[in-house]
1. Has the range 340-354 got any residue that is in the same structural domain as Thr214 (by TED's automatic domain parsing), among the charged types (D, E, K, R) and either within 18 Å of the chain's Cα centre (by Cα) or more than 22 Å from Gly236 (Cα to Cα) (or both)?
2. Within the range 239-283, how many residues are closer than 22 Å to Ala343 by Cα and among the polar types (S, T, N, Q)?
3. Which numbered condition in (1) of a type in the set (S, T, N, Q); (2) modelled with pLDDT under 90; (3) part of a strand (DSSP E or B) is the only one that Ser267 fails?
4. Please verify whether Thr287 is surrounded by fewer than 17 Cβ atoms within 10 Å (Cβ to Cβ), assigned to a strand (DSSP E or B) and either in the same structural domain as Thr75 (by TED's automatic domain parsing) or not basic (Lys, Arg) (or both), treating the condition exactly as stated.
5. Search the range 205-227 for residues being assigned to a strand (DSSP E or B) and either modelled with pLDDT under 95 or among the aromatic types (Phe, Trp, Tyr) (or both), and hand back the single one that is farthest from the chain's Cα centre (by Cα).
6. What single numbered condition from (1) surrounded by fewer than 24 Cβ atoms within 10 Å (Cβ to Cβ); (2) modelled with pLDDT of 95 or more fails to hold for Ile243?
7. Do any residues in the range 58-77 that are more than 21 Å from Val118 (Cβ to Cβ) have Cβ atoms under 9 Å from those of residues that are of a type in the set (Ser, Thr, Tyr) and part of a helix (DSSP H, G or I), where the two are at least six apart or on different chains, and which pairs are they?
Amino acid sequence: MKRPLRPLAALALALTLAACSGTVDLGGVARGITGAGPAATSSTTTTSASDQNEQDAVKRVIERANQAQATAFNTGDPSLMKENATESFYAQLLQTNRSLAASGATRIELLSTDYKDVSVTGSTATATTVETWRTSYQDGSTDEQTARNEYALVRQGGAWKVQTDDQPTAARQPAPQTGTDPGTPAVAAATSSTSSNWSGYSATGGGYTSVTGTWTVPTVSAATPGADATWVGIGGIESNDLIQAGTQATVSGGEVAYEAWVEMLPSSSRPVSLSVNPGDSVTVTLTQKGAVDWAIAMNNNTTGQRYSATVTYRSSNSSAEWVQEAPSVGRGTVPLDAFGTLAFSGATAVRDGKTQDLRALGAQAITMINGVREALAQPSIIGADGSSFTVARTQAQSTSGGGPGRRRRG
């Protein structure tokens, strides 16, 4: 499905197709469950026909879901996407279409779908497709992209529904380019870096097993279409892995939508059940509990609401980040909205078993720039407490579609 690329996190837009094919001896699986020996020809034929019917049903649901998303975007009626999606995936599709609109898209079309694999096991199913979508923009331009999609479906109320859709071949944001940049204002660290869609601080060197940060959700102007995402994460600077969680605002049609989300590259991000509003204080902590076990804790300090989960993810543990981001969608980065000034506090990480603040970590500042190297979002110097800073939106013009963007919000 057409969706923003990020974080998941999030990221050049050129996509590398990795066609995947596989076969499953469904008849053999059925015999193993029943304990029967080699089945008679008539029995095998019946089982295969039943399996084929289920696979065809899965394909039809994916096709209907894709067409529903396109029609919902093109007509402005999001309710069309409910029938073929789980509640959580429907919320994800809503955010996807909002981000597409914020990027200047006016129409999306599914041009082709090539099924590489469909597998059904009881009440769950998976499918791999290669899809080509066309996006039309306000400036009259169009963009076509082909990507591999990995679907997971569940049976609810006797009907198949799409639960997730990941795009593992989507490209990711390259590490910010390090070096003193005379085109941007001075920042705290002696060495700063620039990025097309990140601003904030990152720390490298050593092994990172936890990161935390607190920020106040900014009050975003509804007059400027675009988006911003605030998050903390581990990985992504010197590696392709990145686990992250945070909040996002999306401005479209004169309205601002706020949400909380988590992402683990290369999987798409997903919204979580934590309500956030402008002015809320939010604290997010990611902590490694085992070799591949991570605890995600998100607290709305203003309302007292909390979200927590334990996920499985293999991380390089190579860096930690505290970032304000311009998310990416379709052909490029969504314009950065007018978020004003964002304040981070309590920014710490556990490196090599020791909890340290930004100053002790030697964290480096990242300035977000536009296509002509003007600063879009500028981090302040690190505060006297060693763990606080602000990111200020400048008056420079933000552009979309021109540069790499990290996979995000899908």
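The values are calculated or read from the model by the stated rules, or taken from the named source; none is laboratory data. Just so we're clear, the structure is a prediction, and the values are computed from it rather than from any experiment. Cβ coordinates were reconstructed from backbone atoms using ideal geometry, including for glycine residues, and neighbour counts include every protein chain displayed.
1. Within the range 340-354, none of the residues are in the same structural domain as Thr214 (by TED's automatic domain parsing), among the charged types (D, E, K, R) and either within 18 Å of the chain's Cα centre (by Cα) or more than 22 Å from Gly236 (Cα to Cα) (or both).
2. 8
3. (3)
4. yes
5. So, considering only residues that are assigned to a strand (DSSP E or B) and either modelled with pLDDT under 95 or among the aromatic types (Phe, Trp, Tyr) (or both), the one farthest from the chain's Cα centre (by Cα) is Tyr208.
6. The failed condition is (1).
7. Qualifying pairs under 9 Å: Ala72/Ser79; Phe73/Thr96; Asp77/Thr71.
This table checks each residue for (1) of a type in the set (D, E, K, R); (2) outside any helix (DSSP H, G or I); (3) within 22 Å of Ala245 (Cβ to Cβ); (4) modelled with pLDDT under 95.
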| site | (1), (2), (3), (4) |
| --- | --- |
| Ser345 | no, yes, yes, no |
| Ala360 | no, no, no, no |
| Val372 | no, yes, no, yes |
| Ser400 | no, yes, no, yes |
| Gly403 | no, yes, no, yes |
